Amino acid sequence: MVFIRTVALFLIGSLLSNIYKVEINYPILALCLVAGAYAGYLMSLSRLRKVPMLLGSSVIGVLGYAILSSLSFSLDSLKLEASFFRWDILFYGFSGIYAFFSTAFASKSAGFLLIEGLIFAVFILLGLEETRDLNLSMSRFIYTGARVLGVSDIQFITIFGGLVAGTYLFGIFYRIYSTSITRGVVSWTIFVLIFALIASITIARHYEETSLKKPMGVSFDNAPSPLSFDSFVGTSQQATALVKLNTTYFDPRTSPLLYFRETALSKFNGRELVKSEFNKDVPTLPVSALQEISTSLGFARVFLNQTMYLLINHSLPFSVDLGLKYRPLPNPNPEKFFGGAFTVLSFSPIFYDQYFYERQLGSPDWDKNTWDHYTEKHHDPRYEELARVIVGNELNKFRVIRRLVDYINKNYIYTVKPNHNVPPNEDPVAPFLFGDKRGYCVHIAHALVYMFRSLNIPSRIGVGYATDINQSRDGYILLRMSDRHAWPEVYFDQLGWVVFDAQPEQVESHVDAPVDEELLKSLIKEVEKNDGIDSNNEKQDEKAKIKARNFWSIVGALVLLSYVLIKAYLWFGYLVFRTKKHLALSILSVIYDCLGGRKTTETLEDFLSKIDANKNITLSILETFFGTSVGIEKLNISPFRRVVGFFNPVSFFRYFVIKRW
């Protein structure tokens, strides 16, 4: 029974360490659990009742060992370096202590096993939900276990949950039922039922999450159009890619938003915009292919080098605006970056509004077919009618564009659930623009492009990611499913395709959420470790100083805590132990700390009499020492002096050093 319990704790501990990102050594964890579990079993056979004392001493021992082990010495350049707290040591220590006490209690109570199992299940689910969005493959434990057994991730977690649940149920019924036959039948019956329950729940959650991985708003499909008008299901915060900006970049027009273009939609098929062969400036080959794109643009643009690490599969690569050269890279960690990695050199804009007022639309190099393609109008005349009402007599094309965008911003509502029931053969944008004015990026982008084109403004829809640059960390950006986006673009001579995105002021529902900082840090660490990227010496020294400060802060805090506990024992120990010795110790400690010490030639009786004469003691000396209801509250000392006196080390040194009063 102890062996089975140890195995269960080892499996749970391994999974928890992966979910909560604690790097451990599995043999050491197993050793701690075995030692703790068997020691707890032996304790359950004895009559030992001093559990609090054992628990306290064990915790102190583990903390002490953690402090000592957190000191690491480096002989390089004869430098002494203190590393930060060792969470792996704490994990080992806590695991061993928990195995010890839980095994002792589990042997006495079946209810404890049930509560323990429920608590573990809650911790596992919370960890997966918060940091991994139930993306099971993101856990190395699950990934490795599934590959070893030759099963899928969902099958592995189902088997794992069933085995652990069966182990706990066996332990529960082992304690309840007396005969071995009853134990076996009941345990395995419940095991099968729980196994089926866990399997059904887990599979249901899996398919629910799988549906979220294919957002109907802006998907990853290499189809004629990756957009959908049904509903925006890309609300998941699941991470999709890690981007490293190798050079500093800032676009004053769109900041703080950064747009990563993956593809473009410009051909009107009678219902919506789809991909077209006219869009020569977007990638057409998969991530694993080398591809280059030529351009004649050059005004107000800078070269921007980016490296992309894909956490899920993408049909096409992407870049900040115009990508010139896409090159696949060796995958630094296939277990994490399932979609591979690539680097791209893009020609990214740094535009200001004044560049557009006198600029011509389109390109003088375009032929008639190209012009007709990018200005093809919608067959519904209402788009042009509304556009002309909005712009009025304005002739400047840039101001016309701004008026249309501002109109959407001020009069429409952003929602991820517009709930427009549109038949497949009808216009899905009309209910948004001419109806309830509720929609998301797909509706907004189409509506603006249709109105732009109705006024002979060459435009299209860009598709990819839009993210807040303020959420980056050390040049790294974590892209998520909720960052998938579609936006309108207009072509200006010598400038190229320019983003004119709308952001409605009224928001009914949105998908904003802070970036998972822990996940971002772990991915950055993985990339830098595998790429051999080290910080410069100045940063390393700064990190070392921070680690040293953190370590000494912990040491100082522990020293202060120890001092406070000792002073609390000296001042208030009589309240716990209720002996005359501790009563005298408490009163003398307060007197020495608050009222001053006695002279070497002065007897204790004379010293106390002097204090009594100053009316600092309201009772006689005899009553102070031997009264049954006397305490430090009888001393006539102001609260301020008591607070100051508590931090006076006189009583501390008298008790530990001088050892006499």
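Using unit Cβ charges (K, R positive; D, E negative) and no other charged atoms, how large, in debye to the nearest 20, is the dipole of segment 407-508 about its Cα centre?
The calculated dipole for segment 407-508 is roughly 120 debye.
Which order do peptides 418-424, 456-462, 370-376, 643-649 fall in by mean Cβ count within 10 Å, highest first?
456-462, 370-376, 643-649, 418-424
Express the carbon and sulfur contribution to the solvent-accessible surface of segment 409-503 as a percent, rounded to the nearest whole number, probe 1.4 angstrom.
Numbers: 1110 of 2720 Å².
Answer for segment 409-503 is 41 percent, counting heavy atoms of protein chains only.
Whole-Hz Karplus ³J(HN,Hα) for segment 275-281, in order, using 6.51 cos²θ - 1.76 cosθ + 1.60 and θ = phi - 60°, x for Gly and Pro?
Each residue's phi maps through the Karplus curve to give 5, 8, 6, 6, 7, 7, 9 Hz.
Please list, in order, the residues from segment 354-395 whose amide nitrogen is less than 17 Å from a point placed 7 Å along the Cα→Cβ vector of Ser296.
360-372
Give me the extension gain from Asn470 to Leu565: residue separation times 0.36 nm, minus the current Cα-Cα distance, reported in nm with one decimal.
29.8 nm
Hey, can you grab everything whose amide H is under 5 Å from the amide H of Leu322? Only 5+ residues off in sequence or another chain; H modelled, so Pro and N-termini drop out.
HN-HN under 5 Å from Leu322: Phe347.
On average, how much accessible surface per residue is there in segment 292-356, in Å², for a 1.4 Å probe, leaving out ligands, DNA and RNA? Please report the intermediate quantities before stating the final value.
Numbers: 2450 Å² over 65 residues.
Using a 1.4 Å probe on heavy atoms only, each residue of segment 292-356 averages 38 Å².
Within the set Lys244/Lys529; Lys417/Lys437; Lys417/Lys521, which residue pairs have Cα atoms separated by over 23 Å?
Those over the limit are Lys417/Lys521.
Go through 490-497, 447-454 and give me the packing order, highest mean Cβ count within 10 Å leading.
Result, highest mean Cβ count within 10 Å first: 447-454, 490-497.
Describe numerically, in nm with one decimal, the distance between label points set 7 Å from Cα along Cα→Cβ at Ser553 and at Leu285.
Spacing of the two 7 Å Cα→Cβ label points: 5.0 nm.
So how far apart, in nm, are the two label points at Asn456 and Ser255 if each is 7 Å from Cα heading toward Cβ?
Result for the modelled spin labels: 3.7 nm.
Counting alpha carbon pairs within less than 8 Å and at least 6 residues apart, what relative contact order, in whole percent, applies to segment 386-444?
Values: 36 pairs, mean separation 18.1, N = 59.
Answer for segment 386-444 is 31 percent.
Just by accessible area at a 1.4 angstrom probe, what is the order of Glu262, Glu517 from largest to smallest?
Descending order: Glu517, Glu262.
Please give, to one decimal in nm, the separation of the simple spin-label points placed at Tyr357 and Glu384, each 7 Å out from Cα toward the Cβ.
So the label points at Tyr357 and Glu384 sit 3.0 nm apart.
Dipole size in debye (nearest 20) for segment 379-446 around its Cα centre, Lys and Arg Cβ +1, Asp and Glu Cβ -1?
360
The values are calculated or read from the model by the stated rules, or taken from the named source; none is laboratory data. What you see is a predicted model; the values in this text were computed from it and never measured. FYI the Cβ positions are ideal-geometry reconstructions off the backbone, even for glycines, and counts take in every protein chain you see. Only protein heavy atoms, including side chains, enter the accessible area calculation; ligands, DNA and RNA are left aside. Shrake-Rupley method; radii C 1.70, N 1.55, O 1.52, S 1.80 Å.
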